[in-house]
Amino acid sequence: MIRRRDFLIGAGAAALARPAVVLAQQPTVIKMGALKLIHSIAPYFYERFTPAGYKVEVITFESPTEGKNAVVTKSVDFGMFGIAAATLGAAAGEPIVVIASACNRGMAVIAQKDSPVASIKDLKGRTIATHVNSIVAAPPASP
């Protein structure tokens, strides 16, 4: 019969004979989608404010539609993209929701300083420029 003392001594010796394996806890990676624009710089600072054990990986996209599609397909955990892409996706039945605004309203409709355009109404009949795939242009109204 094995005495408890002999068993514990033998178990302790066996434990010392094997190298100890220490497994380091891997951080939880949060994949954040952002546009390749200056007003999308905020995500690059998120990691400064995340709790220990988390890492933020910023994945950039060329257009809001590409970013929205990455959220829908779960290629990223969340993203910061244009409201138009999100609204159109939700209207098409895609599983997406707008949860907040960001970048201190970093995008705007602009015109030259001396232009006769002073409001959105003044754009009627004019040509506008926009980021590819960021909005859907409506056909011109019939006269």
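Among the residues of the stretch 60-91, how many are closer than 11 Å to GLY33 by Cα and among the β-branched types (Val, Ile, Thr)?
Residues flagged as closer than 11 Å to GLY33 by Cα and among the β-branched types (Val, Ile, Thr) within the stretch 60-91 amount to 3.
Right, ILE2: at pLDDT below 80, among the aliphatic types (A, V, I, L, M) and in a helix (DSSP H, G or I) or not? Explain how you work it out, then say what you get.
Details: at pLDDT below 80: yes; among the aliphatic types (A, V, I, L, M): yes; in a helix (DSSP H, G or I): no.
No.
The values are calculated or read from the model by the stated rules, or taken from the named source; none is laboratory data. Bear in mind that the values here come from a model prediction, so they are computed numbers and not experimental data.
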